[in-house]
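A short write-up of the structure that comes next.
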C-alpha cells in the first residue's frame, strides 16, 4: 500500500452505545466535518485518520445499528453506504466494527453479517477496561486466528488506550485486505440463496451481491428489490419458493439468519471469553433508584431544576463581563462618530446594542450545553427517555419519539431529522409534529431576559428556576395532548413496542463534552455574526427612519418649559412612534393587545418569525434607539421596567407586568417562529401540508394561551 | 451628510441583500433535496435510484 494512494475511506460501524463516537473522536482528533445525508440519515461525520507511515484515510462515522435488517431510514443509509449504493459516496475500502467488549456475542452479530459484504474488517473490542473490571477475560489473539487473521484490537477509547493499535490495524487491513470469513449456511439455506440469486440474474440480467441476496431472502421489509428494479410479483414468487426451502431446513425464514449467525458465534467465542458473571453491577443498583416509578421522575425533576439554577448562577459573571465589553465598545466607538449621528446610532444602538444583547446569553447557552453533554455522556439521557416514555406513552407516541423530542430541546432541526429512526411513517409524522413544541435553545434568551429582569428581582432565584423549568415544560404539556389527538383520531397510529438499550453509567470524557459545547457555541456566535447582525441592521433602519426634522420641532414647541433631558426623551419617543416599524407595530398591535403586548413587543414578535432569537436584539434596538453609548444591557432592562402604557384603560401601568411577561414567554414557548424548522418539517413530511398545519396550529395556540395567561394572571395578581 | 447617507443605505442594502440571498439559497437547496436547516451542510448524498 503506497502512502501516496489517494482517497481511501474507512467506515466506522457498530451497535449504538459502544463508544463509537468516542473512538471516532480519538482517531480523528478535531479534524472532523459534520454534515447531513439529506433525505437519508441524521448526520454524516467524517474526519481524517492518520494510520502511520504517511497513510491518511477518511474515516466515516455511520449511525449505530444492531443488524443489517434495516427497519428505519437511518439504518438503511448505513447499509447503502457500506454496499456503495449512495450517490456521490463510493464504497468504503475497509470497515472498522466497534464492539462492546462486555457484550461480545450480541455485538458480533453485526460483524458476522458484515462479513458478507466482502470488505476488509478490523474488529475493535471497545470498553475493554470495563470488561476487565467485570472479570471478563478476552483472548483477542485467539479470536483473530479463528476469524482468519482479521485484526482484533482491545481498546478503551474513553481512556485513550489502544488507539495507536487501531491505527496500525486499519493500515494492516488495508494493506493485506483481510476479510472476515462468511457464515456457512446449511445446505438447503444455501440452495435458497442460490435460487434468489438466479432469479435476479435471469430477470434483470445482473448478478446481485451476496449481501443483497441475503436481505431479499431474510428480510420482509428490505428495499433491495425496489433498488434493483425487480418486478414485485415475480420477486415475491421467487422469494416465496426460496423461503419454503429454508422452512424445509427447519428454520423460520425470517428468524433463520440470526439463529444461524448466533450458532456460529457461540462456537467462535468458545475459549475466547472467560468469566464475567457480574455484568450489570453498579449500573443496575443506581437504576433501582433513577428508574424507580416514583423516585425516577422526582430525581429527573430535581436534576432539571438544579441544572437551570446552576446555569443562571454560573453564567452570572461571564454575562456581566460580556455586557461590560459591549458597553466599553460603545463608549470607545461613539466619540469617533460624533459628527455623524445617524451612523453613530446604527453602530451603537443597532449593531453593538442588538448583537450585544443577543451575545450576552452565550455563557448561559454554553453552560446549558455543558450540562446536557454531561448528562448524555454519563448515560443519564437514555434513562430520561425511559422515564418520559413511561410518563407519556399513553398519548400514543412511539417510544422512539422521545429521543427526537429530547434532541428538540437543543434544536428542532436535528430533532426532526432524527425522527427518521422511527419505522412507522405515521408515528414518524406525529413525532415530527410534536418536536417543534420542545423548548429549543433559541427560546432560551427570551426566557432568560424576562426572568432576570422581572422574575428574579421580585420573586428571587428559586422562582426564577421554577419559571425556567416551567417554560421548558410548557411545550411538552401541549405536545402530548396534541400527539394524543393526532395519533388516536387523525393518523390512527398502531401502538409499537419501545426497545431502548440503557448504556452503562460512565464518567463523561471532558474533551468530548467540551468539543460539543464548542460546536454549539460556534454555531451561536456565527448566527450572531450573520443572521442576527443583518436582521438587527434592518430592524434599526425600520425603527430609525423616516427622520423628519419637523417632528423634533413640533415636540420642542409643545415642551417649551420642560428640562432639556425630558425634551430629548420626548423627541426620541416621537421619532420611534412615527418610524416605519412604529407605524407597522401600532397597526398590528390590536391583534396582540389581549396578550398584553404593546407595539414595541409586537414589533419584536413579528420580527422573530424567521428566527425567534431576534426578539432580544429587536427589543435591544427598539428600547435603545437614540440612547447611543448609554444603552447598555442593564439600561435595556431599566427601560423595559420603566415602560408604561401611555393610552387606554391601562394608561400609567407597567407594560412588563408579571402577566405580560408570562404571556410573552408562553407565546414564545408555543409559537412556530423558525423558518428553517418549518422548511425542514416540509422536507421530512414530504410536502407543505403538515408544515403549514403545524405553523398555523402552533401560532394560533400560542396566541390563545398568551391571552389566557395574561388575562388570568392580570386578574389574580 | 451625503457620505453618511450613502454609507447607511449601503449597509442596509448589503444586509437586506445578503438575507434575501441566504433565504433564496436555502429554498433552492431544499428544492434540490438538500438540507434547508441552516446547518451549512453541503452534502448532496442521496440514494441511487
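The values are calculated or read from the model by the stated rules, or taken from the named source; none is laboratory data. All values reported here derive from a predicted model rather than from experimental measurement. Counting neighbours? That spans all protein chains shown, and the Cβs are built from the backbone with ideal geometry, glycine included.
Could you check the stretch A:686-699 and list, in sequence order, the residues that are within 13 Å of chain B (Cβ to nearest Cβ) and buried (at least 17 other Cβ atoms within 10 Å of the Cβ)?
Residue satisfying the conditions is A:691 alone.
Looking at the stretch A:132-158, which of its residues are under 37 Å from the mean Cα position of the chain (by Cα) and surrounded by fewer than 16 Cβ atoms within 10 Å (Cβ to Cβ)?
Passing the criteria: A:133, A:135.
Counting residues that are modelled with pLDDT of 90 or more, which helices (runs of 4 or more DSSP H) fully inside the stretch A:67-148 reach at least 3?
Correct list: A:104-114, A:140-146.
Tell me which helices (runs of 4 or more DSSP H) are completely within the stretch A:618-717 and hold 2 or more residues being at pLDDT 95 or above, or say none if there are none.
The helices (runs of 4 or more DSSP H) meeting that bar are A:658-670, A:689-716.
Do you know which residues across the stretch A:327-351 are at pLDDT 85 or above and away from chain B (no Cβ under 14 Å)?
A:328, A:329, A:330, A:331, A:332, A:333, A:334, A:335
Output yes when any residue across the stretch A:367-378 is outside any helix (DSSP H, G or I) and in the same structural domain as residue A:299 (by TED's automatic domain parsing), and no when none is.
No, that holds for no residue.
Could you check residue A:305 against (1) out of contact with any strand residue (DSSP E or B) (no Cβ under 8 Å at 6 or more places or on another chain); (2) modelled with pLDDT of 85 or more; (3) more than 30 Å from residue A:200 (Cβ to Cβ) and say which number it fails?
(2)
Residues of the stretch A:200-221 being part of a helix (DSSP H, G or I), touching a residue at least 40 places away in the same chain (Cβ under 8 Å) and more than 18 Å from residue A:109 (Cα to Cα), which ones?
none
Tell me which of these residue A:26 doesn't satisfy, since it passes every other one: (1) modelled with pLDDT of 85 or more; (2) within 14 Å of another protein chain (Cβ to nearest Cβ).
(2)
Here's the yes/no breakdown for (1) surrounded by fewer than 22 Cβ atoms within 10 Å (Cβ to Cβ); (2) part of a helix (DSSP H, G or I); (3) more than 20 Å from the chain's Cα centre (by Cα); (4) assigned by TED's automatic domain parsing to the domain that holds residue A:449:
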| residue | (1), (2), (3), (4) |
| --- | --- |
| A:313 | yes, yes, yes, yes |
| A:324 | yes, yes, yes, yes |
| A:333 | yes, yes, yes, yes |
| A:357 | no, yes, yes, yes |
| A:365 | no, yes, no, yes |
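Suppose we filter A:513, A:566, A:555 for residues that are assigned to a helix (DSSP H, G or I), surrounded by 15 or more Cβ atoms within 10 Å (Cβ to Cβ) and more than 49 Å from the chain's Cα centre (by Cα); which single one remains?
From the options A:513, A:566, A:555, the qualifying one is A:555.
Do the conditions hold for residue A:602, that is, is it under 30 Å from residue A:409 (Cβ atoms), free of Cβ contacts under 8 Å to residues at least 60 places away in the same chain and either in contact with a strand residue (DSSP E or B) (Cβ under 9 Å, 6 or more places away or on another chain) or more than 13 Å from chain B (Cβ to nearest Cβ) (or both)?
Criteria met by residue A:602.
Suppose we keep only residues that are away from chain B (no Cβ under 11 Å) and assigned to a helix (DSSP H, G or I) within the stretch A:533-551. Which one would you say is nearest to residue A:577 (Cα to Cα)?
Among them, the one singled out is A:543.
So, residue A:467, is that one under 20 Å from the mean Cα position of the chain (by Cα), at pLDDT 90 or above and in a helix (DSSP H, G or I) or not?
no
Failed condition for residue A:79, given (1) in contact with a helix residue (DSSP H, G or I) (Cβ under 9 Å, 6 or more places away or on another chain); (2) more than 14 Å from chain B (Cβ to nearest Cβ), with all others met?
Failing condition for residue A:79: (2).
Restricting attention to the stretch A:29-66, which residues are within 12 Å of another protein chain (Cβ to nearest Cβ), modelled with pLDDT under 80 and touching a helix residue (DSSP H, G or I) at 6+ places or on another chain (Cβ under 9 Å)?
Hits for the stretch A:29-66 are A:34, A:36, A:37, A:38, A:39, A:40, A:41, A:42, A:43, A:44, A:45, A:46.
Which one is farthest from the chain's Cα centre (by Cα), of the residues in the stretch A:393-406 that are modelled with pLDDT of 70 or more and part of a helix (DSSP H, G or I)?
Restricting to residues being modelled with pLDDT of 70 or more and part of a helix (DSSP H, G or I), the top hit is A:394.
Among the residues in the stretch A:269-276, are any touching a strand residue (DSSP E or B) at 6+ places or on another chain (Cβ under 7 Å), exposed (fewer than 12 other Cβ atoms within 10 Å of the Cβ) and more than 30 Å from residue A:385 (Cα to Cα)?
yes
Quick one: count up the residues across the stretch A:104-129 that are over 14 Å from residue A:173 (Cα atoms) and without any contact (Cβ under 8 Å) to a residue 60 or more places away in the chain.
So the answer is 3.
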